[in-house]
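Taking it in order: structure first as structure tokens, then the write-up.
The values are calculated or read from the model by the stated rules, or taken from the named source; none is laboratory data. All figures in this text were calculated on a predicted structure; none of them were measured in a lab. Quick reminder, even Gly has a Cβ in these numbers, built from the backbone with ideal geometry, and neighbours come from all protein chains shown.
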């Protein structure tokens, strides 16, 4: 079976909901979100996570890049859209197809990188809470891993990363 690797930038709340699914599915869209937009390149997903999610209150001022693979035969029914430069390619999946889309994901979703707003004045102070609360911030990747007991083998790498001259903490977790 042929597969296609895709990426999706997500905020804190969406990552918490992905974790609640044990990294098997994307959560349903909100009523005002009629389209689900997975992107074709990691660089484009990083650009969105870094430049948009980190400035968005609804994203918790944090952006994560997820990676996943989907059955190519299923994906072929959707059109690739160019929404900016040559690298800005994405699929437009109608929200009502997301549940079926999730069934065609071939492996667990992986969180590759995270970006946080560097202007601490823009980030409201929050109490640290359990990660199974969909609105709670995940202060450390370990919080996410500890909240999924019995999830199987866990690999975690935490490092300082440099992307387009900016330093950020990034991690990779596979449950």
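Points to keep in mind about this one:
- Test for residue 70: is it under 19 Å from residue 110 (Cβ atoms) and more than 14 Å from the chain's Cα centre (by Cα): yes
- Filter result for residue 87 (farther than 14 Å from residue 37 by Cα and either in contact with a helix residue (DSSP H, G or I) (Cβ under 6 Å, 6 or more places away or on another chain) or part of a strand (DSSP E or B) (or both)): yes
- Boolean, residue 159 is farther than 21 Å from residue 36 by Cα, surrounded by fewer than 14 Cβ atoms within 10 Å (Cβ to Cβ) and either touching a strand residue (DSSP E or B) at 6+ places or on another chain (Cβ under 7 Å) or at pLDDT 50 or above (or both): yes
- Pick from region 58-86, criterion free of Cβ contacts under 8 Å to residues at least 24 places away in the same chain and closer than 21 Å to residue 30 by Cβ, ranking: surrounded by the most Cβ atoms within 10 Å (Cβ to Cβ): 78
- Of residues in region 1-19 being within 18 Å of residue 107 (Cβ to Cβ) and surrounded by fewer than 19 Cβ atoms within 10 Å (Cβ to Cβ), the one farthest from the chain's Cα centre (by Cα): 1
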